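The values are calculated or read from the model by the stated rules, or taken from the named source; none is laboratory data. Nothing here was measured: the structure is a model prediction, and the numbers come from that model. Methodologically, a virtual Cβ is constructed for each residue, glycine included, from the backbone with ideal geometry; neighbour enumeration extends over all protein chains shown. Surface areas here come from the heavy atoms of the whole protein model, side chains and all, with no ligands, DNA or RNA. Shrake-Rupley method; radii C 1.70, N 1.55, O 1.52, S 1.80 Å.
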Amino acid sequence: MALVCVSATRPIIVAWRLLSGPASEKGREAQVTRSLIEQVVEVAGPKAISLLLADALYADGPLLAWLKYRKGIDALVSLPEDRLLYQDLHGLAAGQLIDWTHHRYVRTIGGHKQLREVEVTAAGELTSWDGFSEKAASYGVADASLWACLIRDVTTQETAAEPPRALVSTRRFADGFAALQAFRPRWHIEDDTYRELKEGWGLEKQRWGHDFAAALGRTTLTCLAFNTAQVYRLQAGERLASMAIRRLRRLRQRELGSAPAVIYVAGCYGVFSLEEVLDVLGSAPRESLLPALTKPSAPAAPT
C-alpha cells in the first residue's frame, strides 16, 4: 500500500507499507492509511498534506474525522451507493431540494482529448454518518458535518442512465464541479502509479520467495526505482539524464565507484560502495572499483 503525492507533472510515492496480513480485513485500510499519514507528517511536517484523495475503499467515518480534527487534513473520498449519506443526498436531489448544474470539461486518455459533459449537485451540513459524527465528538467537535456531491455523466445516453457517483469531503467546495476537478488527480494516481507499478514494474508478481523481509526489501527498492524514474522524467531530470549514467555517477558520487549498492535494513536505506559492503560481510575485495581520487597536498588545500 502506498501514499502518492501528485505534483503538476508527476506522481511520487511519499510513503509505503507492505501488508503482512489480509488487506481486506475490516478497518485494515484505514489503519494502514493512518500509519502512512503519520510517516509523512513526521518527516515533512503537519502541513505536508492539504487534501487527501481516496477511492471508496477508504470511505471510513472515523478515518475522516481523525484526518480532519486530529491532523488538520481535509479529505475528498468516493462515496459508495450503499451508504446512508449517499441515499440522503440522492433523496435531496430527487425531491428537487438541491439543483443540478451542467458542465463540460476536456480529459486526455492515451494522448487523445475527449469532451465530457456532466451534471452535478451538492449539499453541505450533512450529519447522517454516525461513525464520523461520533468520532468527531470524541475529539471535542459536537457539530461536525460533511459536504457531498452527486456527479452524473451525461456525455452519452449509456452513461446518463447509470447511477450518479458521489464524493464526500470534510472540506466545503464551491460546487460539485469544483470537487470533481479536485478529485481528477486521483485518476492520475491510479493510472500512472498503481497500474504502472503492477503492470510495468511487476510489483505483485515477483516476490523473491515467501520471506517477508525479502519482499519488503524488494518492494522498497522498486518504489525507490519508480521515484527515481519519475524524477528523471521531469524537465530538470531530463537535463541530468542527457549526461549519460557514467558521467552522472562521476559527477554526483564519484567516491562510490562504478558499482554502488543500495542496502535496506530496519526501515532505513543507504548507498554504499561495493568495497564497503564486502568489508562488512568479512570478505575483503581482491580488486577495487573505486576511483583513484587525488589527495590534497596540504590539510587546508582545496579539493
Legend entry - In region 146-160, the residues that are open to solvent by 30 Å² or more (accessible area, probe 1.4 Å) and either under 19 Å from residue 72 (Cα atoms) or hydrophobic (A, V, I, L, M, F, W, C) (or both): 154, 160
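Look at region 90-125 and say how many of its residues are in a strand (DSSP E or B) and either β-branched (Val, Ile, Thr) or surrounded by 12 or more Cβ atoms within 10 Å (Cβ to Cβ) (or both).
So the answer is 15.
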Inset, instruction - Tell me, please, whether a residue that is among the β-branched types (Val, Ile, Thr) and in contact with a helix residue (DSSP H, G or I) (Cβ under 7 Å, 6 or more places away or on another chain) can be found in region 167-174. - result: yes
Inset, instruction - Check off (1) touching a Ser or Thr at 6+ places or on another chain (Cβ under 8 Å); (2) not in a loop (DSSP other than H, G, I, E, B) for residue 134 and give me the number that stays unchecked. - result: (1)
Legend entry - Qualifying residues in region 53-85 (those that are farther than 21 Å from residue 130 by Cβ and touching a helix residue (DSSP H, G or I) at 6+ places or on another chain (Cβ under 6 Å)) - the one most open to solvent (accessible area, probe 1.4 Å): 53
Legend entry - Cβ-Cβ under 6 Å pairs, at least 6 apart or on other chains, region 117-133 side under 30 Å from residue 158 (Cβ atoms), far side aromatic (Phe, Trp, Tyr) and at pLDDT 90 or above: 119/100; 120/177; 121/100
Inset, instruction - Determine the pairs where a residue that is over 12 Å from residue 163 (Cα atoms) and modelled with pLDDT under 90, located within region 79-107, has a partner that is open to solvent by 50 Å² or more (accessible area, probe 1.4 Å) and assigned to a loop (DSSP other than H, G, I, E, B) with Cβ atoms under 8 Å apart, the partner being 6 or more residues away or on another chain. - result: 107/184
Inset, instruction - Could you tell me whether any residue of region 126-144 is closer than 19 Å to residue 53 by Cα, open to solvent by less than 30 Å² (accessible area, probe 1.4 Å) and in contact with a helix residue (DSSP H, G or I) (Cβ under 8 Å, 6 or more places away or on another chain)? - result: yes
